[in-house]
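*Asks:* My structure is below; once you've seen it, I'll send some questions.
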Amino acid sequence: MAATKRLFIETVGCQMNVLDSELVVAALRRQGWDMTATMSDADAVFFNTCSVRQHAEDKIYSALGRVRKQKEKLPGLIVGVLGCMAQKDQEMIRARAPWVDLVVGPGQLHRVPSLIDLIQAGSGPQIEVSLDRKAGSRLEVVDSFESYDPDRDSTMRPTPFQAFVRTQTGCDKFCAFCVVPRVRGPEQARPPQAIIAEAEKLVAEGCKEITLIGQTVNSYKWSDGGKTSRLSDLLLELNKIDGLERIKFLTSYPRDMTDDLIHAVRDLPKVSHYLHVPAQHGSDDVLKRMKRGYTIGQYMEMLDRLRVAIPHAALSSDFIVGFCGETDEEFALSLELMKTVKFKNSFIFKYSPRPGTKAFDTQLDDVPESVKKERNRLLQEAQSVASLEGNRRFVGSRQQVLVEGLSTREERRAVNPGPDGFAQLTGRTMCDRIVVFDAPLRLIGRMVDIDITSAGSWSLAGEVADGLADAVPLDYLEKQNPAVHQIKVPVPSVSRAVQR
Ligand code: SAH
Ligand code: F3S
């Protein structure tokens, strides 16, 4: 029998990429591939890539440079670039790194197994990408971005108790700075029945928390036979699934935060009162140049509706600093917005011009890097203050936490204390706040009550509430599949997954 082939895959970018990698890995496992955590052991080295900022691309090109030597020694090694960068750079990837064998865009991932067969059969390098957005009619472009949601394989999920479920692919908003509509294609919703069925299957297999993902998840809309389903309808159906405990969704687009959705979040007990609704900027003029489609007045009106319905809802945001033409006065408005809203947390990015976007073509990237850096620092600082203030309100309270795994400190230590040993663990509250506490490893994957004893700007710390630690059966480790652990999956939450 031929030896099993080993795949090394590195995933960068957003939750979509994490899910795509899970699905590609599952497809290849079915073809007899195994996973390896060491690149030098691999028969195939894949990068699932991100194009949102230049930095993310630079890192992949330098990783490709490192693979070159391995490929020279082992000509049979298959080097693959998947995802957004593959769609954006296409042939250019092979022009810069001719040792790459496989270039596959996010709309063609279903083809990966057969393309590998072609390479192994000696057909040479394979490039499979979707049409550029202007290269055909909308229908032709839509058809070229094939949805990739095959049956999930329970043994392939990185954590048995959490999962991402896709509601739609692509984006039609075309914010001036953003390359996503180009590389992920037109917005295409999945039928509600498919989403619900996938969730039911995941829950039957032990999943407790589902995070619905879409670039603008709250724009979800599916029309069939005169009936239209929106995100609020999906939440209503998901909330009925026995055994499912938490439902989250990201990312929300401010203009599509409609009352039906806000009321669904308020009324459905399993839906987390946590919303990631990026504001991007505090100045109307900049928002206009960004083509975001709303003013700060409209953003605040949305927020008012939310706060009236759900006073304690946790809100998080993304901000871009140093966008084309951003003045000191304009930047000050972002700071002001952050101080007024007091987001739970924010992801702050320095503007990175992206070829193929409106801003790249028509606006000057004229804010010096040093100014971008300083504005980034100032906004981070303001967010830390707001986060700390928000977190302090929880000290002295008891919170239900879904235990997710070892804390970063323990991961670094890399000592496995065994299921009954105590370690520093981390989990999240219903509102997505990170909690750190000492507990036996067997609590991973469980809902546990934690008494919060202190707060920092990044996380809360606490102690397992009396008695609970002993009452939990030991089944987490049996369900774990170490083979898939090198898909560097954080947790289905924006807080870590969006950091690029
Ligand atoms: N809707 C998507 C957003 C994709 S990009 C989602 O699911 O999260 C994520 C964030 O990256 C954006 O909200 C924006 O703040 C930031 N971003 C996008 N393009 C950028 C660019 N060219 N430069 C800097 N930051 C960017
Ligand atoms: Fe990008 Fe704007 Fe869509 S940020 S993903 S174009 S909503």
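The values are calculated or read from the model by the stated rules, or taken from the named source; none is laboratory data. Predicted model only: the values in this text are computed from it and were never measured. Neighbour counts are summed over all protein chains in view; Cβ atoms, including those assigned to glycine, are modelled from backbone coordinates with ideal geometry. To get the accessible areas, we keep the full protein, side chains included, count just its heavy atoms, and leave off ligands, DNA and RNA. Shrake-Rupley method; radii C 1.70, N 1.55, O 1.52, S 1.80 Å.
*Asks:* Within the set of pairs 6 or more residues apart or between chains, which connect a residue that is farther than 11 Å from Ala314 by Cβ inside segment 419-438 to a residue that is among the aromatic types (Phe, Trp, Tyr) with Cβ atoms less than 7 Å apart?
*Replies:* The qualifying pairs are Leu425/Phe437; Ile434/Trp458; Asp438/Phe422.
*Asks:* Quick one: which residue in Asp242, Asp318 is charged (D, E, K, R), farther than 18 Å from Met430 by Cβ and away from ligand 2 (no atom under 16 Å from the Cβ)?
*Replies:* Matching residue, one of Asp242, Asp318: Asp242.
*Asks:* If you check Thr167 against the conditions, is it in contact (Cβ under 8 Å) with a residue 24 or more places away in the chain, in contact with a Leu (Cβ under 8 Å, 6 or more places away or on another chain) and hydroxyl-bearing (Ser, Thr, Tyr)?
*Replies:* Taking the combined requirement at face value, the residue satisfies it.
*Asks:* Another one. In segment 322-341, is there at least one residue being closer than 26 Å to Ala163 by Cβ and either out of contact with any Phe, Trp or Tyr (no Cβ under 8 Å at 6 or more places or on another chain) or in a helix (DSSP H, G or I) (or both)?
*Replies:* no
*Asks:* Answer yes or no as to whether Gly297 is closer than 18 Å to Ala176 by Cα and either surrounded by fewer than 17 Cβ atoms within 10 Å (Cβ to Cβ) or within 13 Å of ligand 1 (Cβ to nearest atom) (or both).
*Replies:* So Gly297 fails the test.
*Asks:* Continuing with the same structure: Test Arg138 against the criterion of being under 30 Å from Thr295 (Cα atoms), within 16 Å of ligand 1 (Cβ to nearest atom) and either open to solvent by 10 Å² or more (accessible area, probe 1.4 Å) or within 18 Å of the chain's Cα centre (by Cα) (or both), and give yes or no.
*Replies:* Here the answer is no, as Arg138 does not meet what is asked.
*Asks:* Here is a follow-up. Could you list, in sequence order, the residues of segment 345-400 that are part of a loop (DSSP other than H, G, I, E, B), within 16 Å of ligand 2 (Cβ to nearest atom) and over 24 Å from the mean Cα position of the chain (by Cα)?
*Replies:* Hit for segment 345-400 is Gln363, nothing else.
*Asks:* Are any residues in segment 266-281 away from ligand 2 (no atom under 16 Å from the Cβ) and outside any helix (DSSP H, G or I), and if so, which ones?
*Replies:* The answer is Leu268, Pro269, Lys270, Val271, Ser272, His273, Tyr274.
*Asks:* State whether the residues of segment 99-108 include one that is at pLDDT 95 or above, surrounded by fewer than 18 Cβ atoms within 10 Å (Cβ to Cβ) and part of a loop (DSSP other than H, G, I, E, B).
*Replies:* Yes, the conditions are met somewhere in segment 99-108.
*Asks:* Of the conditions (1) open to solvent by 10 Å² or more (accessible area, probe 1.4 Å); (2) more than 27 Å from Thr216 (Cα to Cα); (3) of a type outside the set (Asp, Glu); (4) in contact with a strand residue (DSSP E or B) (Cβ under 6 Å, 6 or more places away or on another chain), Val79 fails just one. Which one is it?
*Replies:* Failed condition: (1).
Table: residues versus (1) modelled with pLDDT under 95; (2) aromatic (Phe, Trp, Tyr); (3) surrounded by fewer than 22 Cβ atoms within 10 Å (Cβ to Cβ).
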residue: Ala199; (1), (2), (3): no, no, yes
residue: Thr211; (1), (2), (3): no, no, no
residue: Gly214; (1), (2), (3): no, no, no
residue: Gly225; (1), (2), (3): yes, no, yes
residue: Lys240; (1), (2), (3): no, no, yes
residue: Leu250; (1), (2), (3): no, no, no
residue: Tyr253; (1), (2), (3): no, yes, yes
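*Asks:* Return the total of residues in segment 265-286 being buried (at least 20 other Cβ atoms within 10 Å of the Cβ) and either away from ligand 1 (no atom under 12 Å from the Cβ) or over 30 Å from Lys350 (Cβ atoms) (or both).
*Replies:* Counting residues in segment 265-286 that are buried (at least 20 other Cβ atoms within 10 Å of the Cβ) and either away from ligand 1 (no atom under 12 Å from the Cβ) or over 30 Å from Lys350 (Cβ atoms) (or both) gives 8.
*Asks:* Could you grab me the full set of residues in segment 320-345 that are of a type in the set (Gly, Ala, Ser) and touching a helix residue (DSSP H, G or I) at 6+ places or on another chain (Cβ under 9 Å)?
*Replies:* Across segment 320-345, the qualifying residues are Gly322, Gly325, Ser334.
*Asks:* Quick check on my filter: what residues within segment 170-212 are within 14 Å of ligand 2 (Cβ to nearest atom) and touching a residue at least 60 places away in the same chain (Cβ under 8 Å)?
*Replies:* Selection gives Lys173, Phe174, Cys175, Ala176, Phe177, Cys178, Val179, Val180, Arg182, Val183, Arg184, Gly185.
*Asks:* Do we have Ala204 as open to solvent by 40 Å² or more (accessible area, probe 1.4 Å), of a type in the set (A, V, I, L, M), away from ligand 1 (no atom under 16 Å from the Cβ) and at negative phi here?
*Replies:* yes
*Asks:* Still on this structure: Only one residue in Ala332, Ala359, Ala313, Ala309 is more than 16 Å from ligand 1 (Cβ to nearest atom) and touching a residue at least 60 places away in the same chain (Cβ under 8 Å), so which one is that?
*Replies:* Answer to the check: Ala313.
*Asks:* Kindly indicate whether Thr167 is open to solvent by less than 20 Å² (accessible area, probe 1.4 Å) and within 16 Å of ligand 2 (Cβ to nearest atom).
*Replies:* yes
*Asks:* Let me confirm something: among Ala314, Ala264, which residue is farther than 30 Å from Pro368 by Cα and in contact with a Phe, Trp or Tyr (Cβ under 9 Å, 6 or more places away or on another chain)?
*Replies:* Being farther than 30 Å from Pro368 by Cα and in contact with a Phe, Trp or Tyr (Cβ under 9 Å, 6 or more places away or on another chain) holds for just one of Ala314, Ala264, which is Ala314.
*Asks:* Would you pick out the residues in segment 51-96 that are in contact (Cβ under 8 Å) with a residue 40 or more places away in the chain, within 17 Å of Met16 (Cα to Cα) and of a type in the set (Val, Ile, Thr)?
*Replies:* The answer is Val52, and nothing else.
*Asks:* Within the bounds of segment 112-135, is there any residue that is surrounded by fewer than 19 Cβ atoms within 10 Å (Cβ to Cβ), assigned to a loop (DSSP other than H, G, I, E, B) and of a type in the set (Ser, Thr, Tyr)?
*Replies:* yes
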